[in-house]
Amino acid sequence: MSRMGDVLAGFQTVWEFDTDSMLIRFERGIRTPKLLQALGERRIPFEALSGVELAVGKRGTVVLRAVPRPGADPLMDAADGQLKEAYDPYRLVLPAERETLADYYAERIRESLCPDADVPAEAHLVTVPPAPLSFKAYDGKASFDGKAISFRWFWTGASSEKWKVGDQRFRIDELTGVEWRSPESRGSAGTAPKEGSAKGASAKGTSAKGGSAKDGTARNGTGKAAPKGGGHGYLRLLRRSAEDEPLGRPDQDPAAVVFGMGYGLVHQSLPFAAAVLEAIRASSPVPCTEGAPSSNRAGASRRDPADIAERIRHLGELHTAGLLTDDEFSAKKAELLAEL
């Protein structure tokens, strides 16, 4: 970006530009979606973007949208394309008369993209809300302390299957990803997702397909339909020990909490899912290069010092947020320095 401190203000959202990133700030108010209010502001490095789009909006507006790189933002990876337009944290809506100005900044962003903008990011580049985090779902309360996720079941909503196994606790190192389904996504009203329709975000930044719930309404131990008041979604933890097992109904899976309108809303459950996904990816071991072509191994043995410095900076942020222990931070920092 050519100048520091440039500000582009739209409806409920402001973009403030720096040399290597932009700060997206969301206004508080009744017209601002709760998800954006909950996020508050987000620092987006230009290296976390794959492009930028400018299109005609509704009611005399234009829409400027930054396009995140796959794998760069755990929030968007967890959302997996389910967010409504109004909830998209990368959209800036402007009056139509400011189209020329919007086009100017779109071009400046394109000039600031990194050479690998079209390649999925190897690490998360956008930070998420730090632990501790918690939210109430329909059938239980989900809590995350930075090292483990706990599910405490509610007798008024949890199925008999969940009551039989009792409250659950999952360490980050036991998980490979998360599967988040929005209660507001199409096809969620009144029914659970069909077999094989679910996709989860893995620690590698890709979608992991798996069988999901069969058609039908989720029910609790009392036989009542759950949840009421519209569609329902869920947050499922993908366990390393169950990678080869088909995924069952979320209302019966002790590794999932079910929520709907009024329970586990998007602005509560999605940042939670993103924080868990970020912690899983941060704790994952460095991928093994054994068996890769020799040219790839040679290239991996000498990394760009600037990239190494950025990765260490990112690890430092995770360490400060409590997502990495002192030992984990020191070990991963040593691994990165060894690649120089």
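Between Leu101 and Gln37, the modelled label-to-label distance comes to 2.6 nm, taking each label 7 Å out from Cα in the direction of the beta carbon.
With the gyration tensor restricted to C-alpha atoms of segment 23-158, the semi-axes of the equivalent ellipsoid amount to 32, 20, 12 Å, longest first.
For the peptides 234-240, 99-105, the ranking by mean Cβ contacts within 10 Å, running from highest to lowest, is 234-240, 99-105. Computed about the Cα centre, the dipole magnitude for segment 1-129 is approximately 680 debye when only Lys and Arg (+1) and Asp and Glu (-1) carry charge, each at its Cβ. Close amide H pairs (under 5 Å, H built 1.01 Å from N) link Met22 with Ile44, Phe46, residues at least 5 positions away or on another chain. Among Lys84/Lys147; Lys141/Lys162; Lys141/Lys333; Lys34/Lys136; Lys34/Lys58; Lys34/Lys141, which pairs are too far apart, with a Cα-Cα distance over 24 Å? Where the Cα-Cα span goes over 24 Å, the pairs concerned are Lys84/Lys147; Lys141/Lys333.
Quick note: the coordinates plus some simple rules give every number you see, no bench work behind them. This is a predicted model, so every value here is computed, not measured. Positions of Cβ are generated from backbone atoms using ideal geometry, with glycine treated the same way; all protein chains shown enter the neighbour counts.
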